[in-house]
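J.: Have a look at this one.
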Amino acid sequence: MLHGPGDAGVVDVEPPAAGPGEAVVDVARVGVCGTDLELFSGELQYLRDGRSRYPVRPGHEWSGRVAAVGAGVDPGWVGRRVTGDTMLGCRACRRCRGGRQHLCEDRREVGILGHAGALAEQLAVPARSLHALPDAVDDALGALVEPGGNALRAARAAGAAAGTRVLVAGPGTIGLLAAMFARRAGAEVHVLGRDAQTLEFAASLGFDRCWTAESLPRLPYDAVVDASTAESLPARAVELVEPGGRVVLIGLAGTPSLLDTRVLALKDATAVGVLSASPGLADTITAYAEGAVDPRPLIAATIGLDEVADTLSGNRPKGAGRGPKVHVVPG
């Protein structure tokens with residue numbers, strides 16, 4: 001539980017009960033995300049604008065098994081392995097009715113905004129948010145579906161396909177997953193990072209075109225995906241993209257990013273923002289099940305609940321590998 005900026009710890013709470021339309025899940029795995037770090041530090045914009053308030057129980061990248069269901073829910077869900085959508089729309093507004101519940105003005109977000117998260121032994125969520133996991137998608141992969149859905153949407157927004165050249169800036173979890181999905185689509189993928197260590201890890205995943213800002217070759221990039229937290233990169237992405245190309249903005253800086261829209265217009269380029277994995281969850285599960293994308297090397301360590309606060313403080317778990325993702329086994 002996060003009680004305030006820099007104040008986190010394990011607490012005992014009443015176990016959740018499955019209300020009407022809900023399912024209670026025994027949580028198997030949870031990923032620690034950059035959003036969780038911003039919740040811990042107090043830097044998350046939702047906290048600044050008053051939409052989210054402490055105390056917060058984080059955790060929105062998860063997998064588990066349904067333990068119980070409430071009234072109105074198919075009992076066939078009980079015992080099934082699942083993951084779930086983070087975005088919980090109101091179901092009544094125009095956006096929700098149009099299939100864009102992840103953009104609902106009154107939405108709740110599991111572990112972030114108005115709904116307790118998965119960093120716990122059990123989690124209650126609306127059954128409508130559940131996605132069943134096939135046997136080929138283990139618990140670790142299941143907890144990587146949510147970031148994968150974001151990355152899949154970014155790769156699609158980039159128009160990644162055979163014969164295209166895609167530059168991914170920011171080789172964190174989302175950036176590397178976006179690179180994996182772009183490669184799966186047949187694109188020539190380039191990765192832009194800040195330091196040798198992260199680029200060496202990207203290279204170990206089979207990306208042999210890894211660059212720093214100083215070494216980046218002047219090539220025609222059909223799309224640039226900004227998966228970084230650098231406020232300068234959106235403008236740089238617009239500079240680098242080919243005329244008629246696509247700039248995909250999925251990373252969020254801590255301060256406003258500035259770019260010259262004249263450059264965007266004069267290049268006849270398209271800029272696309274990506275919020276939420278929701279529209280990409282089902283296809284991500286399929287890609288993982290087929291083995292088309294395997295993100296398990298991204299997991300650097302697996303820890304328990306009592307180690308989460310230290311991890312949120314910025315300390316790498318003892319014995320952690322080179323990957324960017326830390327997973328938690330709540331039990």
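Read the figures in this text as sums done on the coordinates, not as results from a lab. Keep in mind that what you see is a predicted model, and the values were worked out from it rather than measured. Here the Cβ positions follow ideal geometry from the backbone for every residue, glycine too, while neighbour counts run over all protein chains shown.
J.: Restricting attention to segment 173-207, and to residues there that are of a type in the set (Val, Ile, Thr) and assigned to a helix (DSSP H, G or I), which single residue is nearest to Thr284 (Cα to Cα)?
T.: If we take residues in segment 173-207 being of a type in the set (Val, Ile, Thr) and assigned to a helix (DSSP H, G or I), then Ile174 is nearest to Thr284 (Cα to Cα).
J.: Output yes when any residue across segment 74-91 is buried (at least 20 other Cβ atoms within 10 Å of the Cβ) and in contact with a Cys (Cβ under 7 Å, 6 or more places away or on another chain), and no when none is.
T.: Within segment 74-91, one or more residues are buried (at least 20 other Cβ atoms within 10 Å of the Cβ) and in contact with a Cys (Cβ under 7 Å, 6 or more places away or on another chain).
Table: residues versus (1) surrounded by 13 or more Cβ atoms within 10 Å (Cβ to Cβ); (2) within 19 Å of the chain's Cα centre (by Cα).
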residue	(1), (2)
Trp211	yes, no
Arg218	no, no
Val225	yes, yes
Thr229	yes, yes
Val241	yes, no
Val247	yes, yes
Ala265	no, no
Pro295	yes, yes
Ile299	yes, yes
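J.: Being surrounded by fewer than 20 Cβ atoms within 10 Å (Cβ to Cβ) and either farther than 16 Å from Glu146 by Cβ or in contact (Cβ under 8 Å) with a residue 40 or more places away in the chain (or both) is the filter here; which residues of segment 280-292 pass it?
T.: Ala282, Asp283, Ala289, Glu290, Gly291, Ala292
J.: May I ask you to list the residues in segment 30-53 that are out of contact with any strand residue (DSSP E or B) (no Cβ under 8 Å at 6 or more places or on another chain), of a type in the set (S, T, N, Q) and under 16 Å from Gly114 (Cα atoms)?
T.: Across segment 30-53, the qualifying residues are Thr35, Gln45.
J.: Check Gly186 against each of (1) in contact with a helix residue (DSSP H, G or I) (Cβ under 9 Å, 6 or more places away or on another chain); (2) on the phi > 0 side of the Ramachandran plot and name the one condition it does not meet.
T.: (1)
J.: Scan segment 130-148 and tell me whether some residue there is within 25 Å of Leu258 (Cβ to Cβ) and of a type outside the set (Ser, Thr, Tyr).
T.: Looking for residues that are within 25 Å of Leu258 (Cβ to Cβ) and of a type outside the set (Ser, Thr, Tyr), one finds none in segment 130-148, hence no.
J.: Of the residues in segment 118-150, how many are farther than 19 Å from Pro279 by Cβ and of a type in the set (D, E, K, R)?
T.: 4
J.: Return the residue satisfying two criteria in turn: it lies in segment 92-123 and is closer than 14 Å to Val27 by Cα and touching a His at 6+ places or on another chain (Cβ under 9 Å), and of such residues it is surrounded by the most Cβ atoms within 10 Å (Cβ to Cβ).
T.: Ranking the candidates gives Ala118 first.
J.: If I filter segment 307-323 down to residues being buried (at least 17 other Cβ atoms within 10 Å of the Cβ) and within 19 Å of the chain's Cα centre (by Cα), which single residue comes out as nearest to Ala28 (Cα to Cα)?
T.: That would be Val308.
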